[in-house]
Amino acid sequence: MRLLSRALAFAVLLAGATLPNPLRAQVVPAIKGGGSQINVYGLYALVKTDFNSALDYPPKNPPPPSFEDANGYNQGFSVGADFRLGRFVFGQPALGARFTYSTGKTGQTDNSIVYEFGGGVDYHKNRTLNFRMVDFQYQLWDLGNHYYPPGFIPGQPGVYVDTKLKPYTLSFGILVRVR
């Protein structure tokens, strides 16, 4: 009899430990807002280009100021999409693609892959609409060697420069959840 009661108790414990709890498995992720999602967005961007440090302007001969800048930042916009990988305690990691356009006199165009690290804070208006309160992105660009003609860099002859930039952007805007 003792063996039967122990076997029954073991079977109940084993069943309780191994059988899924369907209510909890269904409700908990919905409460946490978990799961992945896809967003598209448009943002107003302030861009600190880091272009001057790459060209190493002499201290007494700084680059000409641009009338299009805002306190040392170029103004522009970003559009893109991201795939968020679920929620965690401190945020939602994401993979994204972004196009950023900014104003300014000293410009550089590039179509290579740019590595970008950053984060932002969203205000969730509803399930579909979010307001990006702030978005900070630090970028690593490797533009390769470029020839700058005489006079482009004040006081310098024509030179080849291995151009590596580390710009950052500060953005604000709207995100729309697609899925």
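Computed quantities for the displayed model
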read-out: Extension reserve of the SER112-LYS125 stretch, reckoned as 0.36 nm per residue once the Cα distance is removed; value: 1.2 nm
read-out: Alpha-carbon centroids, the stretch 146-179 and the stretch 80-139: separation in whole Å; value: 18
read-out: Mean Cβ neighbour count within 10 Å, used as a protection proxy, ranking 74-81, 41-48 highest first; value: 41-48, 74-81
read-out: The stretch 141-179 residues near the modelled MET133 label - backbone nitrogen below 14 Å, point 7 Å along Cα→Cβ; value: 172-173
read-out: Residue-level accessible surface for PHE136, protein heavy atoms, 1.4 Å, Å²; value: 90
read-out: Of all accessible heavy-atom area on the stretch 114-179, the percent that carbon and sulfur account for (1.4 Å); value: 61
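The values are calculated or read from the model by the stated rules, or taken from the named source; none is laboratory data. Computed from a predicted structure; not experimentally measured. Neighbour counts run over all protein chains shown; Cβ positions are idealised from the backbone, glycine included. Ligands, DNA and RNA are excluded from the accessible area calculation, which covers all protein heavy atoms including side chains. Shrake-Rupley method; radii C 1.70, N 1.55, O 1.52, S 1.80 Å.
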